[in-house]
1. If each of Val89 and Leu26 carries a label point 7 Å out from its Cα toward its Cβ, how far apart are those two points in nm?
2. Taking 18 Å as the cut-off for C-alpha to C-alpha distance, list the pairs among Lys88/Lys164; Lys5/Lys124; Lys106/Lys135; Lys5/Lys77 that go past it.
3. Which residues does the label zone of Leu58 cover in the range 1-31, counting backbone N under 15 Å from a point 7 Å along Cα→Cβ?
4. Between Ala113 and Phe50, 0.36 nm times their residue separation minus their Cα-Cα distance comes to what?
5. Counting only helical runs of four or more DSSP H residues, what would the 222 nm mean residue ellipticity of the chain come to if each run contributes -39,500 (n - 2.57) and the total is spread over all its residues?
6. Take each complete run of DSSP H in the chain, measure how far its Cα atoms stretch along the helix's own axis, and keep only those covering 30 Å or more with mean Kyte-Doolittle hydropathy at least 0.5; list them.
7. List the extent of the Cα atoms of the chain along each of their three principal axes, largest first, rounded to whole Å.
8. How would Leu63, Leu58 rank on accessible area, largest to smallest, probe 1.4 Å?
Amino acid sequence: MTAWKKWWISFAMLLQIIVGTVVILLWVYRDQEWTIPINDWLHSPIGQQFSAGVAGFLIIVALTVMAVAIFRPTTTKQMIIAEDGAHKVQVDRQAVEHSLTTSIAKYDLYNPAIKLRMHRHNHKADVVVNGMMSKRTNPQLLHSALLQTIRNDLKQGFDIDLNKLRVNLRPYNDKKSVVIV
């Protein structure tokens with residue numbers, strides 16, 4: 001997370017802490033001499049509007065923080081595969097896709113296209129393989145061979161575990177051109 005996001009979230013949470021502390025102090029010391037004018041003001045129409053505005057602000061801040069936490073993407077275009085103090089080795093998603101495409105080139109698969117989603121927190125990847133299979137290919141054997149090849153290539157080359165593999169194969173069509181990798 002970038003530094004400016006951390007500062008804005010910290011500021012919003014600090015405002016919630018201050019408002020919560022003031023409300024608790026006014027409730028605990030409600031019979032004290034210094035809280036009676038504040039409580040009288042809060043019971044007035046202007047004080048009621050102020051309280052509703054503060055409550056609305058706190059609700060909006062809470063919903064915004066929840067939305068950021070829930071909808072923040074867990075996938076990344078670059079993954080750190082090795083780290084030693086300040087030194088990091090990152091790999092790009094397109095480089096991994098190209099490596100996987102060349103590793104599956106030995107199978108009877110025409111026009112292979114690989115889409116990869118790398119999960120940053122657990123060093124795993126979801127792989128989708130699209131392509132046309134030849135007429136002499138057994139789909140079950142091809143799937144198991146692709147699974148083993150992709151799993152081994154990801155683990156040995158990039159130290160990334162395979163989370164999911166999805167293979168979308170279409171039968172060979174004479175009307176489409178074939179690109180050989």
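The values are calculated or read from the model by the stated rules, or taken from the named source; none is laboratory data. Given the structure is predicted, the values throughout are model-derived calculations rather than measurements. Because the Cβ atoms are built from the backbone with ideal geometry, glycine has one as well, and the counts that use them run over all protein chains shown. We work out accessible area using only protein heavy atoms, side chains counted, and drop any ligands, DNA or RNA first. Shrake-Rupley method; radii C 1.70, N 1.55, O 1.52, S 1.80 Å.
1. In this crude spin-label approximation the distance works out to 5.9 nm.
2. Those over the limit are Lys88/Lys164; Lys5/Lys124; Lys5/Lys77.
3. So the set is 12-28.
4. Answer, rounded to one decimal: 16.8 nm.
5. Rounded to the nearest 500, the figure is -17500 deg cm²/dmol.
6. The answer, listed by residue number, is 3-28, 45-71.
7. So the three principal-axis extents are 90, 43, 24 Å.
8. Heavy-atom accessible area, descending, gives Leu63, Leu58.
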